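Asks: This structure is in structure tokens; I'll ask about it shortly.
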Amino acid sequence: LLIMGGGASTYAEGSILVILEKSHYFHNEAVQGIVYLHLTASYPGSQLQITLKGEEETEWKEIRHYGDGEEVTENAEETDSYKAGAMLLQFDEVVDGYLQPGSYH
């Protein structure tokens, strides 16, 4: 299990902890884990949305052979960044637009 950010993020209204099942995911693989939300005070909103940011690094070696026996070796590297978001939870514990104190996951 991987705890994102090394631990729970704490705010005036409570804390949130995200635990992923794995530290690395492959292209098009579903990210799985558990989100723990603990509120000590009412918080405006009725749903929890999460946005994940990541990077993908790829390295390879290219070797080219030419007819005259010449061989050229090149190392290549590429880094791509991505960002994706999703709505995780729709809360029923909302009163007048505020999520009520408690623990949710």
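Throughout, read-outs are computed from the coordinates displayed, never taken from laboratory work. Every value quoted in this text rests on a predicted model; they were computed, and no experiment measured them. We place every Cβ from the backbone using ideal geometry, glycine too, and count neighbours over all the protein chains shown.
Asks: From Cα pairs below 8 angstrom and at least 6 apart in sequence, can you work out the relative contact order of the chain, rounded to a whole percent?
Replies: 28 percent
Asks: Please compute the net charge surrounding G33, taking Lys and Arg as +1 and Asp and Glu as -1 over other residues with Cβ under 11 Å from its Cβ.
Replies: Here the count lands on 0.
Asks: With Cβ to Cβ distances under 15 Å as the rule, what net charge do the other residues near R64 carry (K, R +1; D, E -1)?
Replies: Local charge sum for R64: -4.
Asks: If a/c stays under 1.5 just call it rounded; otherwise compare a/b with b/c (prolate if a/b is bigger, oblate if not). Do that for the chain, with a ≥ b ≥ c from the square roots of the Cα gyration tensor eigenvalues.
Replies: prolate
Asks: Can you pull out the trypsin sites (Lys or Arg not before Pro) in the stretch 17-105 that DSSP calls coil and that have at most 12 other Cβ atoms within 10 Å?
Replies: Filter output for the stretch 17-105: K22.
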